[in-house]
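The structure appears right after this line, and notes come after that.
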Amino acid sequence: MFCFCVAQGQEFRCSVQVNYQKLLTTTQAYESASDKKVFDAMKQAIEDFVNGRRWTNMEFEQQEQIDCGISLILNTRSSATDFAGQLQIQLRRPVYNSTYTTGLLNYMESGSFNFSFNESQALDFDLGNFYSNLSSTLGYYCYLMLGMYFDSFSPNGGEPFYQLAQQVQQAAEGSGYVGWKSSEGQKSRYWFMENHTNSAYAPLHQAYYDYHRMGLDMMTKDQTKARQGIVAALRDLQAVHRSRPNVLSVTQFVDVKIQELSSIFTPAPKEEQQTVYDLVKEISPINAVKIKEFNSKK
(Lines give C-alpha, C1' and ligand atoms only; values in the text may rest on other atoms or scores of the structure.)
Protein backbone atom coordinates (compact mmCIF):
# COMPACT_ATOMS: atom_id res chain seq x y z
CA MET A 1 0.00 0.00 0.00
CA PHE A 2 1.37 3.41 -0.86
CA CYS A 3 0.56 7.04 -1.49
CA PHE A 4 1.44 8.42 -4.91
CA CYS A 5 1.40 11.95 -6.26
CA VAL A 6 2.80 14.02 -9.13
CA ALA A 7 2.67 17.80 -9.00
CA GLN A 8 3.86 20.80 -10.96
CA GLY A 9 6.59 22.93 -9.46
CA GLN A 10 9.75 24.92 -10.18
CA GLU A 11 12.86 23.06 -11.37
CA PHE A 12 11.61 19.58 -10.53
CA ARG A 13 8.68 17.45 -11.59
CA CYS A 14 9.06 14.85 -8.89
CA SER A 15 6.84 11.84 -8.27
CA VAL A 16 6.74 10.81 -4.63
CA GLN A 17 5.88 7.46 -3.10
CA VAL A 18 5.58 6.67 0.58
CA ASN A 19 5.18 2.94 1.11
CA TYR A 20 3.92 2.09 4.60
CA GLN A 21 2.77 -1.50 4.07
CA LYS A 22 5.25 -2.94 6.56
CA LEU A 23 3.93 -0.68 9.30
CA LEU A 24 0.43 -2.06 8.84
CA THR A 25 1.50 -5.69 9.11
CA THR A 26 3.59 -5.49 12.30
CA THR A 27 2.78 -4.97 15.96
CA GLN A 28 4.53 -1.63 16.28
CA ALA A 29 2.91 1.28 18.01
CA TYR A 30 1.25 4.10 16.03
CA GLU A 31 0.48 1.93 13.01
CA SER A 32 -3.29 1.63 12.99
CA ALA A 33 -5.24 2.13 9.80
CA SER A 34 -6.88 5.21 11.32
CA ASP A 35 -3.45 6.84 11.58
CA LYS A 36 -2.62 6.50 7.87
CA LYS A 37 -3.30 10.19 7.30
CA VAL A 38 0.22 10.92 8.51
CA PHE A 39 1.58 9.10 5.45
CA ASP A 40 -0.55 11.23 3.15
CA ALA A 41 0.83 14.29 4.93
CA MET A 42 4.39 12.95 4.61
CA LYS A 43 4.02 12.40 0.89
CA GLN A 44 2.52 15.86 0.44
CA ALA A 45 5.29 17.50 2.49
CA ILE A 46 8.05 15.81 0.44
CA GLU A 47 6.30 16.69 -2.79
CA ASP A 48 5.89 20.34 -1.78
CA PHE A 49 9.48 20.52 -0.56
CA VAL A 50 10.98 19.31 -3.85
CA ASN A 51 8.52 20.63 -6.41
CA GLY A 52 7.52 23.90 -4.78
CA ARG A 53 10.92 25.27 -3.80
CA ARG A 54 13.23 27.37 -6.00
CA TRP A 55 16.56 25.51 -6.15
CA THR A 56 18.28 27.71 -8.77
CA ASN A 57 18.03 31.23 -10.14
CA MET A 58 16.98 29.88 -13.56
CA GLU A 59 13.52 29.97 -15.08
CA PHE A 60 12.06 26.61 -16.07
CA GLU A 61 9.10 26.21 -18.39
CA GLN A 62 6.72 23.39 -17.49
CA GLN A 63 8.05 21.18 -20.29
CA GLU A 64 11.62 21.80 -19.08
CA GLN A 65 11.08 20.59 -15.53
CA ILE A 66 13.43 17.86 -14.38
CA ASP A 67 11.84 14.42 -14.14
CA CYS A 68 12.72 12.60 -10.93
CA GLY A 69 11.26 10.27 -8.34
CA ILE A 70 11.60 9.75 -4.59
CA SER A 71 10.46 6.54 -2.93
CA LEU A 72 10.41 6.10 0.82
CA ILE A 73 9.81 2.57 2.10
CA LEU A 74 9.00 2.75 5.80
CA ASN A 75 10.17 -0.17 7.91
CA THR A 76 9.73 0.99 11.50
CA ARG A 77 7.95 3.64 13.51
CA SER A 78 9.27 4.00 17.03
CA SER A 79 7.05 6.91 18.07
CA ALA A 80 4.36 9.15 16.65
CA THR A 81 7.02 11.21 14.84
CA ASP A 82 10.07 8.92 14.48
CA PHE A 83 10.48 6.69 11.44
CA ALA A 84 13.09 4.55 9.69
CA GLY A 85 13.18 3.02 6.25
CA GLN A 86 14.90 3.00 2.89
CA LEU A 87 15.21 5.92 0.51
CA GLN A 88 15.43 5.59 -3.27
CA ILE A 89 16.19 8.46 -5.66
CA GLN A 90 15.63 8.36 -9.43
CA LEU A 91 16.54 10.96 -12.04
CA ARG A 92 15.76 10.94 -15.76
CA ARG A 93 16.85 13.11 -18.67
CA PRO A 94 15.22 13.71 -22.07
CA VAL A 95 17.18 12.82 -25.21
CA TYR A 96 17.27 15.41 -28.00
CA ASN A 97 14.98 14.94 -30.99
CA SER A 98 13.20 11.96 -29.46
CA THR A 99 10.55 10.97 -26.95
CA TYR A 100 13.08 8.78 -25.13
CA THR A 101 14.22 9.52 -21.59
CA THR A 102 17.38 8.04 -20.10
CA GLY A 103 18.18 7.34 -16.48
CA LEU A 104 20.83 9.45 -14.78
CA LEU A 105 20.38 8.13 -11.26
CA ASN A 106 18.62 5.15 -9.73
CA TYR A 107 20.01 4.82 -6.25
CA MET A 108 18.72 3.21 -3.09
CA GLU A 109 20.64 4.04 0.05
CA SER A 110 22.21 0.97 1.59
CA GLY A 111 21.59 1.89 5.21
CA SER A 112 18.50 2.66 7.24
CA PHE A 113 17.20 6.19 6.78
CA ASN A 114 16.11 7.52 10.19
CA PHE A 115 14.12 10.73 10.42
CA SER A 116 11.45 12.59 12.34
CA PHE A 117 8.30 13.93 10.76
CA ASN A 118 5.58 16.01 12.37
CA GLU A 119 2.69 16.73 10.05
CA SER A 120 1.97 20.00 11.84
CA GLN A 121 5.45 21.39 11.14
CA ALA A 122 6.88 22.58 7.82
CA LEU A 123 10.09 21.09 6.42
CA ASP A 124 12.51 23.95 7.08
CA PHE A 125 15.72 24.09 5.08
CA ASP A 126 18.65 26.33 4.29
CA LEU A 127 22.24 25.65 3.35
CA GLY A 128 23.92 26.77 6.53
CA ASN A 129 21.74 25.02 9.08
CA PHE A 130 20.52 21.56 9.97
CA TYR A 131 16.81 21.51 10.84
CA SER A 132 15.92 17.87 10.26
CA ASN A 133 17.39 14.76 8.68
CA LEU A 134 14.47 14.57 6.25
CA SER A 135 14.83 18.11 4.89
CA SER A 136 18.64 17.99 4.74
CA THR A 137 18.62 14.64 2.95
CA LEU A 138 16.05 15.81 0.42
CA GLY A 139 17.96 19.06 -0.15
CA TYR A 140 21.21 17.17 -0.55
CA TYR A 141 19.78 14.92 -3.26
CA CYS A 142 18.08 17.81 -5.04
CA TYR A 143 21.41 19.57 -5.45
CA LEU A 144 23.14 16.34 -6.41
CA MET A 145 20.49 15.68 -9.08
CA LEU A 146 20.86 19.22 -10.42
CA GLY A 147 24.61 18.68 -10.67
CA MET A 148 24.28 15.43 -12.59
CA TYR A 149 21.56 16.86 -14.84
CA PHE A 150 23.54 19.96 -15.85
CA ASP A 151 26.78 17.97 -16.21
CA SER A 152 24.99 15.99 -18.91
CA PHE A 153 24.30 19.13 -20.97
CA SER A 154 27.56 21.08 -20.67
CA PRO A 155 31.12 20.35 -19.52
CA ASN A 156 31.26 20.76 -15.73
CA GLY A 157 27.82 22.36 -15.86
CA GLY A 158 26.87 20.80 -12.56
CA GLU A 159 29.81 22.06 -10.52
CA PRO A 160 27.99 24.81 -8.57
CA PHE A 161 25.27 22.39 -7.51
CA TYR A 162 27.72 19.79 -6.22
CA GLN A 163 29.24 22.55 -4.10
CA LEU A 164 25.81 23.27 -2.65
CA ALA A 165 25.29 19.56 -1.90
CA GLN A 166 28.61 19.67 -0.07
CA GLN A 167 27.38 22.57 2.07
CA VAL A 168 24.30 20.55 3.02
CA GLN A 169 26.51 17.59 3.96
CA GLN A 170 28.81 19.75 6.06
CA ALA A 171 25.90 21.29 7.95
CA ALA A 172 24.42 17.84 8.63
CA GLU A 173 27.68 16.10 9.56
CA GLY A 174 27.40 16.88 13.26
CA SER A 175 23.70 16.06 13.53
CA GLY A 176 24.20 12.59 14.93
CA TYR A 177 22.25 10.98 12.09
CA VAL A 178 23.94 8.18 10.16
CA GLY A 179 24.98 8.78 6.56
CA TRP A 180 26.74 12.11 6.61
CA LYS A 181 30.29 11.25 7.76
CA SER A 182 33.28 9.94 5.82
CA SER A 183 33.82 7.28 8.50
CA GLU A 184 30.45 5.66 7.82
CA GLY A 185 31.43 3.65 4.77
CA GLN A 186 31.96 4.22 1.05
CA LYS A 187 28.20 4.47 0.41
CA SER A 188 27.59 7.34 2.81
CA ARG A 189 26.27 10.64 1.49
CA TYR A 190 29.67 12.13 2.27
CA TRP A 191 31.39 9.94 -0.30
CA PHE A 192 28.71 10.31 -2.96
CA MET A 193 29.20 14.07 -2.69
CA GLU A 194 32.99 13.75 -2.50
CA ASN A 195 33.03 11.77 -5.76
CA HIS A 196 31.54 14.81 -7.49
CA THR A 197 33.57 17.56 -5.82
CA ASN A 198 37.07 16.06 -5.68
CA SER A 199 39.10 17.33 -8.65
CA ALA A 200 40.84 13.94 -8.82
CA TYR A 201 37.62 12.56 -10.33
CA ALA A 202 37.22 15.21 -13.02
CA PRO A 203 36.68 12.56 -15.74
CA LEU A 204 33.41 11.62 -14.04
CA HIS A 205 31.91 14.97 -15.04
CA GLN A 206 33.19 14.52 -18.58
CA ALA A 207 31.56 11.07 -18.64
CA TYR A 208 28.13 12.60 -17.98
CA TYR A 209 28.69 15.02 -20.86
CA ASP A 210 30.21 12.55 -23.31
CA TYR A 211 27.58 9.89 -22.73
CA HIS A 212 24.57 12.18 -23.02
CA ARG A 213 25.41 15.25 -25.09
CA MET A 214 27.98 13.65 -27.40
CA GLY A 215 26.35 10.22 -27.29
CA LEU A 216 22.62 9.83 -26.85
CA ASP A 217 21.75 13.31 -28.14
CA MET A 218 23.56 12.49 -31.39
CA MET A 219 21.73 9.21 -31.98
CA THR A 220 19.16 10.56 -34.44
CA LYS A 221 21.88 12.32 -36.48
CA ASP A 222 24.79 9.91 -36.60
CA GLN A 223 24.64 6.61 -34.70
CA THR A 224 28.29 5.79 -35.31
CA LYS A 225 29.45 9.08 -33.88
CA ALA A 226 26.97 8.74 -31.02
CA ARG A 227 28.37 5.33 -30.07
CA GLN A 228 31.86 6.85 -30.14
CA GLY A 229 30.70 9.44 -27.61
CA ILE A 230 29.38 6.69 -25.35
CA VAL A 231 32.63 4.73 -25.60
CA ALA A 232 34.49 7.95 -24.70
CA ALA A 233 32.30 8.21 -21.60
CA LEU A 234 33.20 4.66 -20.58
CA ARG A 235 36.88 5.55 -20.98
CA ASP A 236 36.29 8.56 -18.72
CA LEU A 237 34.88 6.19 -16.11
CA GLN A 238 37.81 3.85 -16.64
CA ALA A 239 40.20 6.70 -15.81
CA VAL A 240 38.39 7.32 -12.52
CA HIS A 241 38.27 3.61 -11.73
CA ARG A 242 42.01 3.20 -12.30
CA SER A 243 42.81 6.06 -9.95
CA ARG A 244 40.45 4.72 -7.30
CA PRO A 245 38.64 1.40 -7.84
CA ASN A 246 35.02 0.90 -6.84
CA VAL A 247 34.07 4.56 -6.61
CA LEU A 248 30.37 4.71 -5.75
CA SER A 249 29.44 7.20 -8.48
CA VAL A 250 31.15 5.12 -11.18
CA THR A 251 29.39 1.90 -10.22
CA GLN A 252 26.09 3.78 -9.96
CA PHE A 253 26.63 5.17 -13.47
CA VAL A 254 27.13 1.70 -14.93
CA ASP A 255 24.26 0.21 -12.93
CA VAL A 256 21.86 2.75 -14.43
CA LYS A 257 23.15 2.45 -17.99
CA ILE A 258 23.86 -1.26 -18.41
CA GLN A 259 20.59 -2.24 -20.11
CA GLU A 260 20.77 0.83 -22.32
CA LEU A 261 24.34 -0.05 -23.33
CA SER A 262 23.19 -3.52 -24.30
CA SER A 263 20.40 -2.10 -26.47
CA ILE A 264 22.65 0.47 -28.16
CA PHE A 265 25.55 -1.84 -28.93
CA THR A 266 23.72 -5.06 -29.83
CA PRO A 267 23.49 -3.93 -33.50
CA ALA A 268 27.00 -2.38 -33.44
CA PRO A 269 30.07 -3.86 -35.17
CA LYS A 270 31.79 -6.69 -33.34
CA GLU A 271 34.86 -4.64 -32.44
CA GLU A 272 32.73 -1.94 -30.79
CA GLN A 273 30.88 -4.57 -28.79
CA GLN A 274 34.16 -6.04 -27.60
CA THR A 275 35.45 -2.61 -26.59
CA VAL A 276 32.33 -1.88 -24.56
CA TYR A 277 32.40 -5.31 -22.94
CA ASP A 278 36.06 -4.96 -21.97
CA LEU A 279 35.50 -1.50 -20.48
CA VAL A 280 32.46 -2.56 -18.48
CA LYS A 281 34.24 -5.72 -17.29
CA GLU A 282 37.06 -3.60 -15.89
CA ILE A 283 34.89 -0.86 -14.41
CA SER A 284 32.03 -2.97 -13.05
CA PRO A 285 32.61 -6.72 -13.37
CA ILE A 286 29.23 -7.56 -11.86
CA ASN A 287 27.55 -5.83 -14.82
CA ALA A 288 29.70 -7.41 -17.53
CA VAL A 289 27.58 -10.56 -17.62
CA LYS A 290 24.58 -8.45 -18.64
CA ILE A 291 26.20 -7.47 -21.94
CA LYS A 292 28.35 -10.52 -22.58
CA GLU A 293 25.67 -12.16 -24.70
CA PHE A 294 25.73 -9.54 -27.46
CA ASN A 295 29.21 -10.65 -28.41
CA SER A 296 27.80 -14.00 -29.52
CA LYS A 297 25.27 -12.47 -31.91
CA LYS A 298 27.75 -11.59 -34.62
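Of all residues in region 123-152, those that are closer than 25 Å to Ala202 by Cα and open to solvent by 10 Å² or more (accessible area, probe 1.4 Å) total 4. The number of residues in region 186-226 that are within 16 Å of Leu261 (Cβ to Cβ) and surrounded by 23 or more Cβ atoms within 10 Å (Cβ to Cβ) comes to 7.
Given the criteria surrounded by fewer than 20 Cβ atoms within 10 Å (Cβ to Cβ) and under 20 Å from Gln17 (Cβ atoms), does Gln65 qualify? In short, yes.
Can you confirm whether region 164-181 contains a residue that is open to solvent by less than 40 Å² (accessible area, probe 1.4 Å), touching a Lys or Arg at 6+ places or on another chain (Cβ under 6 Å), in contact (Cβ under 8 Å) with a residue 24 or more places away in the chain and within 24 Å of Thr102 (Cβ to Cβ)? No. If you go through region 240-284 and keep only what is within 18 Å of Ser152 (Cα to Cα) and either part of a loop (DSSP other than H, G, I, E, B) or open to solvent by 50 Å² or more (accessible area, probe 1.4 Å) (or both), you end up with just Asp255.
Does region 38-45 contain at least one residue that is under 19 Å from the mean Cα position of the chain (by Cα), open to solvent by less than 60 Å² (accessible area, probe 1.4 Å) and at pLDDT 95 or above? Before you say what the answer is, go through the steps one by one.
Of the residues in region 38-45, the ones under 19 Å from the mean Cα position of the chain (by Cα) are 43.
Now restrict to residues that are open to solvent by less than 60 Å² (accessible area, probe 1.4 Å): 43.
The next check asks that each one be at pLDDT 95 or above; those that pass are 43.
Scanning region 38-45, I find at least one residue that is under 19 Å from the mean Cα position of the chain (by Cα), open to solvent by less than 60 Å² (accessible area, probe 1.4 Å) and at pLDDT 95 or above, so the answer is yes.
Of all the residues in region 73-122, those that are under 16 Å from the mean Cα position of the chain (by Cα), open to solvent by less than 50 Å² (accessible area, probe 1.4 Å) and under 28 Å from Asp222 (Cα atoms) number 6. In region 172-201, the qualifying residues are those that are modelled with pLDDT of 95 or more and among the hydrophobic types (A, V, I, L, M, F, W, C), and the one that is farthest from Arg92 (Cα to Cα) is Ala172.
Looking at Asp210, Asp236, Asp255, which is the one that is of a type in the set (Asp, Glu), within 18 Å of Pro94 (Cα to Cα) and within 22 Å of the chain's Cα centre (by Cα)?
Within the list Asp210, Asp236, Asp255, the selection yields Asp210.
The values are calculated or read from the model by the stated rules, or taken from the named source; none is laboratory data. Note that this is a predicted model, so its numbers are computed, not measured. Cβ atoms come from the backbone with ideal geometry, glycine included; neighbour counts cover every protein chain shown. We work out accessible area using only protein heavy atoms, side chains counted, and drop any ligands, DNA or RNA first. Shrake-Rupley method; radii C 1.70, N 1.55, O 1.52, S 1.80 Å.
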